[in-house]
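Read through the structure below, which is laid out as structure tokens, and then see the notes.
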Amino acid sequence: MVTKPTHLETTEPPEPRGSRSDKSNWIRRIDNVAYSIFGDFFKRRKDTTFESIGTSLQQARIPISSDLYLSRIAFVTIICTAVIAVIHLGFAIILGVSGIGATFSSLPAPLDIFVGTVLLLLTSLISTGISLGIGIAYPYTRLSLIISDRKRKIDNMIPFATTYLFALTRGGMDFVEALRTLAESDDAYGEAAKETQSVIQDMDYMSIDLPRAMRRGSQRSASTKFSEFMDDLVAIIDSGADMSPFLESKAEEFLEQNEREQENFLETLALLGEVYVTAFVAGPLFLIIITVVMAMLGGSAITQLYGIVYGLLPMMNVAFFILIDTITIDESKRNRTIYTERVNKSIDEVTDEYKEQIEANSRIQNIIKAKEYRESSEYIREPLSWLLDKPFRTLYITAPIAFLYTLVAIIIQPYPLSFEGLSSFPVETTVTYLLIPLSISLIPFTIFYEITTRRKRKILNRFPDSLKQLASSNSIGLTLTESLRATSDATSGVIGEEFNKVSNDIRWYNNITEALVSFANRIKIAEVARTVKLVTKSNEASGDISGVLDIAAKDVTKRQILRKQRFNEMTMYTVVIIISYVVYLFVIAMLDAAFLSEIAAIKESTAGATSTGAGSSSGFGTNLSSLPIDLFRMVFYHSALLQGLGSGLLAGQLGQNDVRAGIKYAIALMTISTIVFLVI
């Protein structure tokens, strides 16, 4: 379980320079030296020339003053620049004095030393200039990247935060208390909650009134959307209007913005999918065909093919994935658990805490032994649950097996482990030493990942209806505990089982908040975590939370519709990418079967003629018998594997917004390509 930290305490204003306990001693010494040299210079200009740096540091939530930040950067930059200059100057002196540079020049002896020294000095000046340029641009570039990342996260979470505030105020909670609750809920609302913490800190530590604190929060926020939201809230507070209707309309507005942004995002993904098919599938295929034609005309085709298949193709796929990642909010990186006060102590912690009681009480000794046995046998008793909780744990088992298999294969060597063996038996060798170990490692991971994903999808599909049942039960006068029991009895499937566990937790621990938090932490779904956070906080404020449950149910339902819309639209492009790979494989296979097989037949038929001196050019202006058929076949097969890997992973990224979902497609496509090349 996750223990809840004191959020507002961990985000207090930073301690004065020289006493920050979160830094190591050597960083603190660097700061002291840097500030003693450059501090006065930057301090006098912090509110004029370098005012933007201070604002950027606030937006990036870096707890350091602009003068200290710039002093540190300037000091490190000058040290690095001096080191680079000294190294280059040393090389220049050594080469100039020793005359080693004369071996690289055809100039006369006195002149070549002079020219070599000048060139080294020029490169020293250039590298020094580059180092200074990087040092000057670094603070701005780094802050810009951090701010951009925070802006995306805040904009993504602010609709959920607004719904949270609306639900709490609708349930009767004071707005200031609701805002404080949001600030403490960064476990569920991420950067939007952290942005709100600065407002609460201004009120608590600086005794600033709410409107002014919100204006200050608006001015130093990284998100324009959050700033406008704060300004609107200040206007509502100043006018004395009711806050709940405004928050409701704002939540609807943000949801509509999400719909429009998703439409634009889907259009962008659709365009990128078409670009991938055209430039990253058809493009390499066209280059390979051109290279084959050049081979028939006598060009250095095999070297160019190596560059295309083993260099250009992987680089293009990696670049495309980076592009997709920069414009996509990764759902798996959202907070999916909630902080809880309940702590499951390990056997060592329990033994240390109750050491005296254990020695004096045999009953406690038996309990400790039972707990120790339970912990040690957990993986044996419930291995599937352990693996389903985090599918990557399968690699702890499969990776050593794959390694042992590879080791045995290398010792036995059913196919020669050499370049000649790879070119003579490309499919068999690649399958033996690469694909089989890869499959041993990834197939179990994929199976457990898909089981976990489908289970979560079933929970998400039923979750809105379960919330509506809870709201209906609570509206007729049942408490939340009674509503949960009634809903668990009336709900079947995976979500029904989880609600039964919640009811059992309530019976055992008599704590509904901890039971719901444990439910959210077992499920590990961001929407469930946010909803549980909302329900528990509302229940602590008021037992009548039917209105809050209605709001949560509507919000989850609308977002479920958006998620299904994206899934349905992107499934088509997943199919398009897979079909484009099938076309790629078909063309490559035809080149192998028609072109390479035909050349092999020509080589056999002209072998006798070549031995008598007749030779053969087959009308193409080159001797086809000299073409390396085995190398061409190896490169064709490897290109199909690499393209299958890239297309499969991209299909999962586009279809389900998770590259792990594409592993099954990648394995299937690589298996199909292997079968095709074994048959032809």
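The values are calculated or read from the model by the stated rules, or taken from the named source; none is laboratory data. The structure presented is a predicted model; accordingly, all values stated were derived computationally and were not measured. Neighbour counts are summed over all protein chains in view; Cβ atoms, including those assigned to glycine, are modelled from backbone coordinates with ideal geometry.
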Every residue in region 429-440 that is under 15 Å from A640 (Cα atoms) and crowded, with 16+ Cβ neighbours inside 10 Å, please. T430, V431, L435
Pick from V234, V277: which is at pLDDT below 85 and part of a helix (DSSP H, G or I)? V277
Give the residues of region 178-198 that are surrounded by fewer than 22 Cβ atoms within 10 Å (Cβ to Cβ) and in contact with an Asp or Glu (Cβ under 6 Å, 6 or more places away or on another chain), sorted by residue number. K194
Breaking point among (1) loosely packed, with under 13 Cβ neighbours inside 10 Å; (2) touching a Pro at 6+ places or on another chain (Cβ under 6 Å); (3) not basic (K, R), for S239: (2)
I need every pair where a residue in region 663-680 that is surrounded by fewer than 23 Cβ atoms within 10 Å (Cβ to Cβ) has its Cβ under 6 Å from the Cβ of a residue that is charged (D, E, K, R), sequence separation at least 6 or different chains. I680/D592
As an exercise: evaluate Q365 against (1) at pLDDT 70 or above; (2) assigned to a helix (DSSP H, G or I); (3) more than 30 Å from V576 (Cα to Cα) and give the number of the one condition it does not meet. (1)
With F403, F425, F448, F463 as the choices, which residue is in the same structural domain as V635 (by TED's automatic domain parsing), surrounded by 16 or more Cβ atoms within 10 Å (Cβ to Cβ) and among the aromatic types (F, W, Y)? F425
Any idea which of L271, L210, L255 is surrounded by 14 or more Cβ atoms within 10 Å (Cβ to Cβ) and within 30 Å of M570 (Cα to Cα)? L255
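If you take the residues in region 413-422 that are hydrophobic (A, V, I, L, M, F, W, C) and in contact (Cβ under 8 Å) with a residue 12 or more places away in the chain, which one is surrounded by the most Cβ atoms within 10 Å (Cβ to Cβ)?
It comes out as L422.
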May I ask you to list the residues in region 497-531 that are over 21 Å from E184 (Cβ atoms), in a helix (DSSP H, G or I) and polar (S, T, N, Q)? N500, S503, N504
If we take region 391-455, then helices (runs of 4 or more DSSP H) inside it with 2 or more residues that are over 26 Å from R633 (Cβ atoms) and within 30 Å of the chain's Cα centre (by Cα) are 394-412
Residue that is farthest from the chain's Cα centre (by Cα) [pool: residues in region 47-84 that are charged (D, E, K, R) and surrounded by fewer than 18 Cβ atoms within 10 Å (Cβ to Cβ)]: D47
Suppose the filter is modelled with pLDDT under 85, surrounded by fewer than 16 Cβ atoms within 10 Å (Cβ to Cβ) and not hydrophobic (A, V, I, L, M, F, W, C); does R454 pass it? no
Looking at region 383-412, which of the residues that are among the hydroxyl-bearing types (S, T, Y) and without any contact (Cβ under 8 Å) to a residue 40 or more places away in the chain is farthest from I447 (Cα to Cα)? T406
Only one of (1) among the small types (G, A, S); (2) modelled with pLDDT of 85 or more; (3) outside any helix (DSSP H, G or I) fails for G311. Which number is that? (3)
Being among the acidic types (D, E), farther than 26 Å from L165 by Cβ, surrounded by fewer than 19 Cβ atoms within 10 Å (Cβ to Cβ) and not assigned by TED's automatic domain parsing to the domain that holds G190 narrows it down to one residue among E482, E498; which is it? E482
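Going by the structure shown, is E228 in contact with a helix residue (DSSP H, G or I) (Cβ under 9 Å, 6 or more places away or on another chain), part of a helix (DSSP H, G or I), without any contact (Cβ under 8 Å) to a residue 60 or more places away in the chain and closer than 30 Å to M572 by Cα?
Details: in contact with a helix residue (DSSP H, G or I) (Cβ under 9 Å, 6 or more places away or on another chain): yes; part of a helix (DSSP H, G or I): yes; without any contact (Cβ under 8 Å) to a residue 60 or more places away in the chain: yes; closer than 30 Å to M572 by Cα: no.
In short, no.
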One residue is enough: does region 471-479 have a residue meeting the conditions within 22 Å of G171 (Cβ to Cβ), surrounded by 21 or more Cβ atoms within 10 Å (Cβ to Cβ) and modelled with pLDDT under 80? yes
